[in-house]
1. Take the range 276-320, compute every pairwise Cα distance, and split them into 5 Å bins from 0; I just need the percent in each bin.
2. Name the GluC sites (Glu not before Pro) in the range 454-542 that are in a loop by DSSP and that have at most 15 other C-beta atoms within 10 Å, would you?
3. So for the pair ASP267, GLU380, with labels modelled 7 Å out along Cα→Cβ, what separation do we get in nm?
4. If we count every other residue with Cβ under 15 angstrom of GLY196's Cβ, Lys/Arg +1 and Asp/Glu -1, where does the sum land?
5. Between ALA429 and ASP90, what is the spin-label point distance in nm, taking each point 7 Å from the Cα along the Cα→C-beta axis?
6. Would you mind calculating the gained length between ASP125 and VAL391 on full extension (0.36 nm times residue separation, minus the Cα-Cα distance), in nm to one decimal?
7. Out of residues 5 or more away from GLY502 or on other chains, whose amide H comes under 5 Å of its own, with H placed 1.01 Å from N in the peptide plane?
8. With a/c under 1.5 counting as rounded, go ahead and sort the range 115-234 into rounded, prolate or oblate using the C-alpha gyration tensor (a ≥ b ≥ c being the square roots of the eigenvalues; past the cut-off, prolate if a/b is larger than b/c, else oblate).
Amino acid sequence: MNTRDWPIRAKLTALVVGPVTGLLALWIFATTLTFGPALDLLAARTLLYDLGRPGESVVAELQRERRLSVVQLAGDTALPALAEQRTRTDQAVAELRRRVDGEKLRDAADDLLDTRLDQLVSALDALPAGRGFIDSRKVDRAGAVGLYSGMIGSAFQAFSGMATLPDADLNREALALTALGRSRELLGQADALLAGAVTAGRYAEGEHEQMVRTIENQRFLAENAVADLPPAERAGYQRLTEGEEFVRLRALQDTLVRARDVPAGLDVRAWETSYAAVSQGLRDFELRGADTLAERSVPMAVRILVRLAAAGVLGLLAIVVCVLVALRVGRSLDRRLTGVRTAALEMAEHRLPDVVARLRRGEEVDVAREAPELDHGGDEIGQVGRAFNEVRRTAVQAAVDEVTLRRGLNEVFLNIARRSQGLVHRQLALLDRLERRTEDPDELAGLFQVDHLATRLRRHAEDLVILAGAAPGRGWRNPVAAVDVVRGAISEVESYDRVDVGEVQSAGVLGRAVGDVIHLLAELIENATVFSPPGTRVDVTGRSVPGGYTIEITDRGLGMSPPALAEANRKLSSAPEFDPTDSARLGHFVVARLAARHGVRVELRPAVPGGTTAVVLVPSDLVTDEPALGPAAPEGAAGPDDRRMAKVTRLATVPRTRAARPGRDRPESAVLPLPAGRTSSVETPADGDGLPRRVRRRGPVPRPRPVAVDNPAYRTPEEARRAMSALQAGTARGRRDGARRAAEPSPPEPPAAPDHRTATERDA
């Protein structure tokens, strides 16, 4: 039986139940052993009055009937006295049967006495048949004596069964009284033999020898019985034997023993008188002894019961005390151990997490107050409690140190991020100035590439700010179109040329969330491009749904296993604390932080037929109508939001009304080749959509430039980037000019002077 996982209360109960049960069993056993003899002593009185007295009466009546039956057999006529005696005998037997059949006697009798009582009843059942044999003279005098002596012997066997008292002295005295009764029975047998011989005038064959044996046995039993009597009873018996009638009867017995035949000068009248007196004296002596025995057994039984009660009460009291002590000690141990356990669980589950949470919120924590000293005593449990106090104090101090370290680490992250952001912003400002002053398309494309790298570097610097728990510095005052938000996110991804913008329904995002949503989408798009094969495309779509606006980013990679998908969704929905050991999913942590800041829901789902779809649900309180394209501001007077959005969408700029993929479906005349040696640009009207076409032409001042080799069979990434950059800059400018033309029906304008500024300069 494995008890290792039992509760402490069950273990303590098991320790207590075993000894207490054994002690209780011993108490019950000892009580039973003591209570049995006491019951036997109390039953002695019951046996005396329900068996002894009725049985003795039956014996006396049978003895008288036996003598009369022998006399009748010795004579020739029936004796009227025998019929009367039989009536008295039947009455005594009926009373004995009534007592024997009663529950009181049977309950007091043991198994041996029960058996002998049954034998006595069976012997008495033969009395009617024996009387019939006597009346029909089918038996002789010896047979009649044997018939009645057998019944009387069964009675004395029952009397012997009564002598099972627990006290040795009482039991020996009871056996002595039974032996005296047997000696009296032998005296009665001698009287019956003598009465028959006197009536017949002689002994029958063998009667004299039987007479001699009976007298000798009677004297032997009497001597042995008297030896076992107490001194007082022995003295009383001695006085009885010294009486005149007893002495005369003894002398007559000696005469009968010496004579071979009935003495001629035998005084029969003296024999009958002496026998009656001695028999009655012996009977009275036996009855007095039995009464004395019964009276002595009752006080002895009471004393035994008193001792038993005292021992039982003391034993029971000892058991109760043991149980109470065990329960008290067990309850104390259980309470103290439970206190230690409760303190440990309270520290592990509530206090320590609360301390950590408060520390992370920047609150001050007093270690002594949060880990107070708890007194659990001076024993082993107290030592464990003191050790636990030290563990608690160490745990709280370790939590303080850890949170302090984490806070310092966040400060380091934030400091580094702020410095990096400052440098990146200065770098972007420098790139803006260079782009404004640069007219060479190749150099401008290179600057755009550096600008793109700086934009990505700015996003990574913002990641450090988010890791530190602060908010990035980018923000917009006015709503921004959802398509522009998507473009801005694509422009911050390294493999932006693999991203296809599908259908993006018209909607706007509030300015306070634009920067974070762009960053969030950029992280997800970056993951989609990184965790999918290089030759695959990443699709981005957006649509309005009940409760907000949904943007879906789908890649064609290997996808994620269900457990990994569930774990990623759990992190994205709960915004966990940053764990430096889990750097493999740093983008998920950044996304979770940004989503939690604005209530955005992000969920990853398996894509069909393969890959993963990231679903971003922007809540309705951040979604508004798509901002209208207002009239263009004077050149150089564009707002900061317009300049910033023009810059972040530089690599993914497409007209809002188009749902095609950016950078792929563009007019073939977007960039027109010019003869080498001169570089100039001019904006020419386009076909109805307001988008200008940049056309290279020779300028007044020759400017050497590297000769570009046109290879129609292969276009390098740099060439594609340059073409994209030219298209994007022209698109941004064309959108503004197209809106201005649509809003102001102006007279024909004179041809504009060639503008050698870049799109970035004009947006600024």
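1. 6, 18, 13, 12, 10, 9, 8, 7, 6, 5, 3, 2, 1
2. Working: sites: GLU462, GLU492, GLU494, GLU503, GLU523, GLU526; in loops: GLU492, GLU494.
Filter output for the range 454-542: GLU494.
3. For the pair ASP267/GLU380, the computed spacing is 9.6 nm.
4. On the way: positive: ARG64, ARG66, ARG67, ARG137, ARG141, ARG202; negative: GLU65, ASP76, ASP140, ASP191, GLU205, GLU207, GLU209, ASP261, GLU272.
Charge balance in the 15 Å sphere: -3.
5. Using points 7 Å along Cα→Cβ, the separation is 14.7 nm.
6. Values: separation 266, 0.36 × 266 = 95.76 nm, distance 9.27 nm.
Length gained, ASP125 through VAL391: 86.5 nm.
7. The answer is VAL540, THR541.
8. Values: a/c = 3.92, a/b = 1.50, b/c = 2.61.
Oblate, since a/c reaches 1.5 and b/c is not below a/b.
The values are calculated or read from the model by the stated rules, or taken from the named source; none is laboratory data. Here the structure is a predicted model, which means the values were calculated and not measured. Note: ideal-geometry Cβ built from the backbone for every residue, glycine included; neighbour counts use all protein chains shown. The area values use the complete protein model at the heavy-atom level, side chains included, leaving out ligands, DNA and RNA. Shrake-Rupley method; radii C 1.70, N 1.55, O 1.52, S 1.80 Å.
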